[in-house]
Amino acid sequence: MKKNHVKKKKNKTSSIANTLERLNQFQTKQPQKFKQVFDFYQKGQNELNQGLVYQAKDSFEAALRIYREYIPAQNYLAVIHGLLANYLEALKIVKQVIKLDDKNVFAYIQGAIFLYRLERQKEAEAYSQKALSSFYEREGHDSYTDYDLLQKLVEMLSVLREDATLSKLYHERKSQLSPMSLYRSALSLSNEGQYDEARVAFQTIYDHTPIKEQVRLLDRSLKLFVEVGIPVPLLFAEEEEGFKLTMAVASLFDGEENKKQASFNYIKNNESIETKKLIKRLLKTNKLEDWVKKSLLSILADFGEAMEPVTVLLDGEIQLISLQPVELTLNENLGEVFMKGKVKASEGSYLEAIDLFTKVKSEAPTYLPVYLQLANTHLQMKEFEKAKTALDEANNIAPLASVFLGYSKYYFDIGDMTSAMEHVNQFDTRELENKEDIFEAVLLKIKITAELTDKTKALDVLKEEKEKFELVLDGWKEFEIELNNLIPKEKPKVEAVEPVNSRQVAVTEPLDLLEIFERYTKDKLISIVKFYKIRGYSKLNKKDLISLIIKEVYENKLWKTSLTQNELSLYNSLAEKGTSLSEEEVVKYSATDANLFFNELKGNTDFSEMKSDHGSLLLKGALIATLNDEKEWQLQIVK
């Protein structure tokens, strides 16, 4: 009994030995047929490498008709059935291979993937573990085969989303992994929260041509997400959703206007549990602009996720905000009624329009646009109280940018410019979703500004809005022409001073830093802060942001970091020795042209003792010059 048991165990563990013995006998007894088998196999491999899948299938099947136990042909025939999505047939072949060789790593790898495609997760995981154990058992006989199978193991674990196992394998074998295997490993490391190690893996393959752009984008995004403190979406090599969501979110922080709008559209059209969780985390970060968070809150409301209070950081304060789910569309019949109402309103048939809008409102009580149309129509009829009532109802549904625009129009029409300005400033025009509303809001903003201040301030508003929409909004150029006709610019007067060292220079009056920075948009101020890598600015309003820049860049002399070494050496020399230029000339020359300023001082060798505040003026002038990259500010402040 004992002897038979030993014999039985020996037979159980030697399937590959028996298979190889049969193959050897076939090769010895029928060498010509064996050559045919091998030729068909090689032909199939060449065809598969050229993408000729069906021809390769025929070749491998021809080889197996001659000798059905030829494992290499069986393995690749299984691969082809997998490529053709015939997973059951592929799995059947894999099982045949395993009967012939119960340690065949390639077969277990393919079997795991096929089972995963068939949504047989537990069986897939069992095959995956068998593939790994078989690899470790057979490793060391052939270095080329070991390398090839290791990359296939990485692919298998990536497809099965076994991130923990793949991360462990990466730490053990990172020096043996190909660029694509490193990429797959980096995704798993990210999914496991090992962001620093994921970035190391990405940076290792920065110059790997096929995927280098995607790798660099992911590396930068991981860095951003970690700095901001939000979780990175799950990333998988076999699908693009995680990558697209990651890029969309990253663009909300540092993307151009067109990319931010594209991000909103992507997020809006890809509702998922993960997306909702991510939005809620984004609403609490202090790194996003308020208008971006308001747009995200609107999307969350569209998802029906804002009926319960949502935590939002706005204006530097934590707030709890609830929004009703808004009806985004109307059924076909109500849609026709609504459109007919808009036509009647445009024709001046206001009473008919109101009747039609009222019908829509009664059947679709959370369809926000109908309240705004009612408010607009009542304004046309000078029925101001009814317009206000419609706006209040809309505000109770969702206090969105379009509602505040409606309030601003209402207050403008009744002559309350202060309240009109207050409401138009409660939203960023980028929160508005359609072009008509954006144009109307910009025009209204400029009109109110001109009424309350002057045309110069109105031009500043136009410039600020132009920075937002010039590149992303169709029809902006034509719209801007109309606005310019509304607020024509006055030609600035430029004064000249006596030349220094016989050189003629156009200059301005001595400049005040606060005055200069007040004319900058908040986005421009933020770009300055980011350039000098100053922290602690995210919760600041524009006034405090200006104070921070003046303190850090001017008083703490961060501006020096933007000078060349030669310019810095010249400044240090002047600070010690002094210069014969007057204080006013120092500021004027530096503010007019940085290069001219330094050249003038360099050529002026007759130094006299520097006044105590002379260095301060020099700092002020150099600061203005080095921060100026467009020189448009000169025209704005010339007297």
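The values are calculated or read from the model by the stated rules, or taken from the named source; none is laboratory data. It should be emphasised that the depicted structure is a prediction, and the values quoted were computed from it without experimental measurement. All Cβ positions, even for glycine, are placed from backbone atoms using ideal geometry, and neighbour counts span all protein chains on display. Just so you know, the surface numbers come from the protein's heavy atoms only, side chains and all, with ligands and any DNA or RNA stripped out. Shrake-Rupley method; radii C 1.70, N 1.55, O 1.52, S 1.80 Å.
Observations
- Members of LYS260/LYS457; LYS212/LYS259; LYS340/LYS386; LYS244/LYS293; LYS57/LYS168; LYS130/LYS280 lying beyond 30 Å, as alpha-carbon distances in this model show: LYS57/LYS168; LYS130/LYS280
- LEU314 long-range amide H proximity, modeled H, under 5 Å: GLN319
- Surface calculation, 1.4 Å probe, protein heavy atoms: LYS551 sits at approximately 110 Å² accessible.
- Residue ranges 155-164, 104-113 sort as 104-113, 155-164 when ordered by packing (mean number of other C-beta atoms within 10 Å per residue, highest first).
- With all protein chains in place and ligands, DNA and RNA left out, the 1.4 Å accessible area ranks GLU274, GLU363, GLU552, GLU119 as GLU119, GLU363, GLU274, GLU552, largest first.
- Computed accessible area, ILE66, all protein chains, 1.4 angstrom probe, square angstrom: 50
- Where SER527, SER419 fall by accessible area, highest first, once all protein chains stay in place (1.4 Å): SER527, SER419
- Carbon plus sulfur fraction of accessible area for segment 49-93, probe 1.4 Å, in percent: 51
- A 1.4 Å probe run over the protein chains yields, for segment 239-322, 48 Å² of accessible area per residue, whole-number rounding.
- The relative contact order of segment 239-322, computed from alpha carbon pairs under 8 Å that lie at least 6 residues apart in sequence, is 21 percent.
- Accessible area per residue (1.4 Å probe, heavy atoms of protein chains only) ranks PHE338, PHE439, PHE40 as PHE40, PHE439, PHE338, with the largest value leading.
- Residue-by-residue Karplus 3J(HN,Hα) for segment 416-423, coefficients 6.51, -1.76, 1.60, Hz, glycine and proline x: 8, 5, 5, 5, 4, 5, 4, 7
- The H on the amide N of PHE236, modeled in the peptide plane, is under 5 Å from the matching H of GLY242, PHE243, each at least 5 residues off or on a different chain.
- Per residue, in Å², the accessible surface of segment 348-447 once ligands and nucleic acids are set aside, probe 1.4 Å: 43
- Per-atom-type breakdown for segment 227-323 gives carbon and sulfur 46% of the accessible area (1.4 Å probe, protein chains only).
- Residue-wise HN-Hα couplings along segment 235-245, as the Karplus relation 6.51 cos²θ - 1.76 cosθ + 1.60 with θ = phi - 60° gives them from phi, are 10, 10, 5, 8, 9, 9, 4, x, 5, 5, 5 Hz; Gly and Pro carry x.
- Cross-link pairs beyond the 19 Å C-alpha cut-off, checked among LYS466/LYS524; LYS361/LYS445; LYS33/LYS92; LYS382/LYS455; LYS463/LYS522; LYS277/LYS435: LYS361/LYS445; LYS33/LYS92; LYS382/LYS455; LYS277/LYS435
- With all protein chains in place and a 1.4 Å probe, the accessible surface of segment 333-487 carries 49 percent carbon and sulfur.
- Each residue of segment 69-77 is assigned a 3J(HN,Hα), and the resulting list reads 9, 7, 4, x, 5, 4, 4, 6, 5 Hz, derived from the Karplus form 6.51 cos²θ - 1.76 cosθ + 1.60 (θ = phi - 60°), x at Gly and Pro.
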